[in-house]
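Derivation of every value follows stated rules applied to the coordinates shown; laboratory data play no part. All of these numbers come straight from a predicted model, not from anything done at the bench. Note that we place each Cβ from the backbone using ideal geometry, even for glycine, and neighbour counts take in every protein chain shown.
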Amino acid sequence: MVVATGLEVAIDGVARGLSFALLGAAITLVFGLGNVLNLALGSFAVIAVVVAVAVAGAVGSVVGGAAAGIAAVALLGLAVDRTLLSSVYRSEGEERIVLGIFVTLGLAIAIDGVLFVYVPLTYSIAHGVPALELAGVAVRGSTLLTVAVAAPVLAGLFGFLDRTRLGTATRTVVHDETGALLCGVNPRRIRTLVFVLSVVLAGVAGLLRAASSDVTVAAGFELTVFAIIVAIVGGVRDLRGTVVAGLGLGVVITFANFLVGAYLANVLLFGVAVAVLVARPEEIS
Amino acid sequence: MIPAADARRIAAVTAALAPVPLLVTAGGATYQLRIFVLFLVFATFTVALNVAFAHTDQLFLFLGALAGVGAYTTALTAEAVGITAWATLPLGAVAAGALGAVVSYVAARRGMTVIVLAILTLSVQLAAMEAFVGMRDVTGGSTGFPFSGLSVDFVADAVGVDQRVAFAYVLLGLLVASLVGYSRLRASRWGTAFEVVRQDPVAAEAAGIDVVRTKVLAGFLAAALVGTTGALYVQADGYVLPSAFAFQAIDVLVLVMLVLGGSRTLLGPVVGAGAIVLLDELLGEVGQWRTAALGVLLIVLFLSFRRGIVPKAREAYDSYVGDRDGNDGTSDAS
């Protein structure tokens, strides 16, 4: 019985960890490439959920709704990149980092403010995936869905970066911007592509969260914070580290939730972030 | 001693603000008094952030947590020991100051950049919020508890004014004291150290300035002021609620106020706080849009108006006056 419960919690933890990994990867990609810490990331996730629920209700298809939600955040991401982030990228070094924090914080507050006016309710997605029971271990449908969606998305992300020409170009810009420029890669284009990619990852994470629990506008900031903590623990420029950190933190937090309750579990999460920052402050600068 | 120019400015602000509580309550308007009290509280928060962030590059994103630590320490020890909260207020200030000093010390020692300290303090802020809400037995959880330990009934009765009016003067006193303290600090050798450390920490260290001590002093003073103000803030509210200390409820507003008013200026925090509180009131007509408007304002401020109102106004005034009194013309000391 204890073993079965432990296994159930562990499986939930892995699913949560995969969601964390998606969010952390979204922070890591953009920070690694352009030194912008996207504090509005969670707001994009919420927008994906809101659009998905509205469209799913209108067309009667959850998949159609999800696709519309992802498309909406991709478009919004493109618009934000071309306007606000262009202004941020004009400055350099520490100045750009600080400017990036404030502009994306302002964007997060602005988006949340608008969402509070128009969509003040809670939103969830009826995915219709049945629960599974295997040898006494019950796995929720939303957990199955999360694993089934997040794992291929992450695999696809690594495939894109490792195997495609565009992915190679992206990694080149991360390592050496001037070198990339000399090889005929336009860093600004790559940044746009990666920013859109990052908000799409956040959108997927948001949709998965809405499949397992209710999402409110206030969840946006919470998702952003989770994403940043995962990215910090994983080493903010290290994508593989971030994915591992996401999985690890997901399992730890799910067990902590189960054993000591949500408040202490969250305090633990912030404590881990503080400890990592104190131990390795040079990681992100 | 404080510079004569600063003394004149502080006197002018005090003279302008002093009649406000009596004027707005002449017709029994407690709502306007409430707005004025909010303005005083946030102006004082902004003076503190000016020291930490603008002068020593320590981006404190845990003002809410510091205010909460000050308020909870003051209120809870007063209740536990059974003495007046006025006696425990210094304890609240020191508790918040100590937290600020520890964070500053660790950050300076570990050579944290602005962004690392920002994320660190944001994590502390969010952990503190979880603690305020989660420790139900001690803090009363999200429903909080009523608090009137810092009431000034005795003075109010003696003078014959409403308690809330008298309390507004306590807050005004704190703001004026913090401005005087800020002016003294800036004119002292610490002020010079702040400036040098901010511009080039390596050169400062080489010139014999203790960078860690300088930052810890700034962090302690700013945090202690925030803690004190936080305790007085809950008295003005009459209730200790965790939501009052949320990141969105304090830090975001104070940042906007500081940048809007003008970093590293004496009156910038007062002007910025006044402008935002007034703007908030004007937006009250379309109240639901205030959060969105604040976000847009934050973006616009940082992308195109980073110098702030006070330096801009000063430039305009200087070019108008010309070199009538050249000694005070282009200095940064507004």
Any idea how far apart A:Asp176 and B:Ala80 come out in nm if each label point goes 7 Å out from Cα toward Cβ?
5.9 nm
Sorted by Cβ neighbour density within 10 Å, fewest at the top, the residues A:Asp176, B:Asp280:
A:Asp176, B:Asp280
Place +1 on the Cβ of every Lys and Arg and -1 on the Cβ of every Asp and Glu in chain A, take the dipole about the Cα centre, and give the residue among A:Phe44, A:Gly220, A:Val80 whose Cα lies farthest towards its positive end.
A:Val80
Distant alpha-carbon pairs in segment B:4-246 (separation over 31 angstrom), percent
27 percent
Under a plain spin-label model, where a point goes 7 Å from the Cα along Cα-to-Cβ, how far apart in nm are A:Thr168 and B:Val180?
7.1 nm
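At 24 angstrom or more along the helix axis (alpha-carbon based) and mean Kyte-Doolittle of -0.5 or higher, what helices does chain B contain? Whole DSSP H runs only.
B:30-49, B:63-81, B:85-109, B:114-134, B:163-187, B:211-237
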GNM, chain A, Cα, under 10 Å: largest mean-square fluctuation among A:Ile47, A:Ile27, A:Ile11?
A:Ile11
Suppose R0 equals 41 Å; then what is the FRET efficiency for B:Asp157 and B:Arg110 from their Cβ-Cβ distance, rounded to the nearest 0.05?
0.20
Mind putting a number on the dipole of segment A:185-242 about its Cα centre? Charges go on the C-beta only, +1 for Lys and Arg and -1 for Asp and Glu, and I need it in Debye to the nearest 20.
400 debye
In degrees, nearest 10, the alpha-carbon axis of helix A:41-59 is tilted away from the dominant principal axis of the alpha carbons of chain A by 60 degrees
Can you give the alpha-carbon Rg of segment B:111-270 over 2.2 N^0.38 Å, where N counts its residues?
1.25
Quick one: give the max-minus-min coordinate of the C-alpha atoms of segment B:38-111 along each principal axis, largest first, in Å.
42, 31, 15
Counting Lys and Arg as +1 and Asp and Glu as -1, each charge on the Cβ, what is the dipole of segment B:4-246 about the Cα centre in debye, to the nearest 20?
480 debye
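Take peptide B:126-137, look around each residue's Cβ out to 10 angstrom, count Cβ atoms belonging to other protein chains, and average those counts. All intermediate terms of the calculation are to be shown ahead of the outcome.
Numbers: counts 9, 9, 2, 4, 9, 5, 1, 2, 6, 1, 1, 0.
Per residue, the number of nearby Cβ atoms from other chains is 4 on average.
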Helix-only mean residue ellipticity at 222 nm for the protein assembly as shown, each DSSP H run of n ≥ 4 adding -39500 (n - 2.57), per residue, nearest 500
-25000 deg cm²/dmol
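Mind jotting down a quarter of the surface of the convex hull over the alpha carbons of the protein assembly as shown, in square nanometres, one decimal? Please list the in-between numbers first.
Details: hull surface 128.5 nm².
Over all viewing directions, the protein assembly as shown projects a mean Cα-hull area of 32.1 nm².
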Once the principal axes of the Cα atoms of segment A:186-249 are found, what is the range along each, listed largest first in whole angstroms?
41, 25, 17
Give the average over all directions of the projected area of the C-alpha convex hull of segment A:119-162, one decimal, in nm².
5.3 nm²
Cα centre as origin, Lys/Arg/Asp/Glu Cβ charges: segment A:1-151 dipole, Debye:
200 debye
State the percent of C-alpha pairs, over all pairs in segment B:179-251, separated by a distance greater than 17 angstrom.
56 percent
Run through every distinct alpha carbon pair of segment A:136-193 and return the Kirkwood hydrodynamic radius in angstroms, one decimal place.
13.4 Å
What average count of beta carbons from other chains do you get within 10 Å of the Cβ of residues in A:114-125?
2
Points 7 angstrom from Cα along the Cβ direction at A:Ala79 and B:Ala207: gap in nanometres?
4.9 nm
Residue mean of other protein chain beta carbons inside 10 Å, B:289-300
6
So if I take the centroid of the Cα atoms in segment B:250-270 and the same for segment B:17-59, what is the distance between those two points in Å?
12 Å
Considering the options A:Ala135, A:Gly271, A:Leu99, tell which one lies farthest towards the positive end of the dipole of segment A:2-283, charges being +1 on Lys and Arg and -1 on Asp and Glu at the Cβ, about the Cα centre.
A:Leu99
For the protein assembly as shown, with the dipole built from +1 on Lys and Arg beta-carbon atoms and -1 on Asp and Glu ones, taken about the Cα centre, which of B:Ile10, A:Asn35, B:Ala101 lies farthest toward the positive end?
A:Asn35
Fraction of alpha-carbon pairs in segment B:88-137 farther than 17 Å apart, rounded to whole percent, equals 48 percent
So, by mean Cβ neighbours within 10 angstrom, what's the order for A:156-162, B:69-75 with the highest one leading?
B:69-75, A:156-162
Please compute the Kirkwood hydrodynamic radius of chain A from all pairs of different C-alpha atoms, in Å with one decimal.
19.3 Å
Hey, fewest Cβ within 10 Å first, where do A:Phe44, B:Phe132, B:Phe147 land in order?
B:Phe147, B:Phe132, A:Phe44
